Every structure is written in C-alpha cells, then in structure tokens.
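Worksheet: the structure to be examined is printed underneath.
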Amino acid sequence: MYTEDELLPINLLQHWRFCQRQCGLLALDNIWQDNVLTTSGSLFHEVVHLPDEESDDGLHIVRGMRIASFRYGITGMCDVVEISDDSGNRSILPIEYKVGAPKRDRSDDVQLCAQALCLEEMMDCTIRYGAFFYGKTRRRLLIELDDALRAETLETIAAVRAMLQSGQLPPARYEPKCLNCSLLDLCQPKAHNHHRLERYMRELYNPPSETK
C-alpha cells in the first residue's frame, strides 16, 4: 500500500503514453505551457469538473469525483461517474470528457482504466467498461477495460514511478505529433535529433582509439 504522499496524478499516465519526455518535463522539471488545444481542453473541463450529483430513476450521476487507489498509488478526478442500480445489480461507469476526437494511441484509454482501478478499490466493485464523451463528435464511445488494457495501465504506472525515482528526463524524439504539443518550443526535439546525428557521424568517421 502507498501513502497519500506517494500517490501519482493519473494525468501523468496519459502524458507518458502520449510522450515520455512531455511527462518528464511536467513531473520532473515542473515545465508546462498552454496552446490553443490545451486551453480549449481546460475550458471544456471547467464545467464538467464542477462538483455535482443528481439522481433519476435508478441512475445516480456524480460529477468532479475525487478518486484514489492506495494499492496502485494513483489519484485523480473522474469527470463523470454513472451509478445505476437495476434490481440490486449495481453498475458503475466512469466517463472521461475529451474536447477533440478519439486518439490513435492508447493514452486516453490508460487514463480511463486508471480511474476505474481507483473506483473499484473505493467502491469494492468490478468495472468492465468505461466511456469517453468527445466534444468534437458529440458522441459517447464505450471501451472495454479488458486484461490487456489493465496490464498496460499497470506497466505505465510502474514506468512513471521509475522515472520519478531516477530523476532522469526521457530523451526527446521528434515525431509528427510534436507539432501539436504545447511544449514544442521548450523541448526542441528536432535540435536533439540533430545533435544525436552529429554525434553518430563523429563516432562513425572518428572511432575512439583502442587502448592497448
């Protein structure tokens, strides 16, 4: 069991899955800046995160719910949790709101699965599904929290914790997705790639002399 001071913010898992260096800049160097995309996402969540509860015909809805798992050492907030009770059969559905559209990677899925792990511990239940509501499409997308996703989530938790313990900032790697990153100017991944190429060329044409 982890203590409260050892709990990792769940949002770090999403950052890690999207870009390990972005996660390191945020968690280790406390560096962050917003761009149009991140600002629109923050504004989108401001309304969702207002604490609120409502019940209607067996469905209880909680908004802005604080969550934590001391078993896995994570903490965060659920945008919305729907709790339904059908003839004594309780069903819990965490819902994460995203301003854009579904991503090609699994970063959002890992974030949602981590929320479910917290809810399972807090409410002594098993959660089979989670959902996203995407502002761009105005649709809800249901995903299965299967064993593969759970394993991937636990691996991500371990990786982020290892990075924090080592204090080592992950290297920069330029990819097309960097163009939409709010930390592009601070990270300068192209410059890091250029330096690596220069070092490789120097070592290729000027190999270190062997010691006798």
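Residues VAL81, VAL62, arranged from fewest to most other Cβ atoms within 10 angstrom of their Cβ, appear as VAL62, VAL81. Counting charges near PRO176 (Lys, Arg +1; Asp, Glu -1) among other residues having Cβ under 13 Å from its Cβ returns a value of +2.
Listed from fewest to most Cβ neighbours within 10 Å, the set MET123, MET163 follows the order MET123, MET163.
For the stretch 86-190, the fraction of alpha-carbon pairs lying more than 19 Å apart is 59 percent, rounded to a whole number. A straight chain from PHE70 to ALA148 at 0.36 nm per residue would run longer than the Cα-Cα distance by 25.9 nm. Within the shell defined by Cβ-Cβ distances under 13 Å, the residues around ASP146 carry a net charge of -1, with Lys and Arg each +1 and Asp and Glu each -1.
With the simple model of a label 7 Å out from the Cα in the direction of the Cβ, SER55 to TYR129 spans 2.4 nm. Our Cα-only numbers for the stretch 52-143 put the radius of gyration and Dmax at 13.2, 38 Å.
Scalar couplings 3J(HN,Hα) for the stretch 21-27, obtained by applying the Karplus form with A = 6.51, B = -1.76, C = 1.60 to θ = phi - 60°, are 5, 4, 4, x, 4, 6, 7 Hz; x denotes Gly and Pro.
Between ILE31 and ASP5, the distance separating the two model label sites (each 7 Å from Cα on the Cα→Cβ line) works out to 2.8 nm.
All other residues whose Cβ lies under 10 angstrom from that of PHE70 are scored, Lys and Arg at +1 and Asp and Glu at -1, for a net of -2.
Spin-label model, ALA101/ARG138: points 7 Å from Cα along the beta carbon direction are separated by 1.6 nm.
Every read-out reported here was derived from the displayed coordinates using simple, explicitly stated rules and does not represent laboratory data. Computed from a predicted model, the values in this text were never measured in an experiment. Counting neighbours? That spans all protein chains shown, and the Cβs are built from the backbone with ideal geometry, glycine included.
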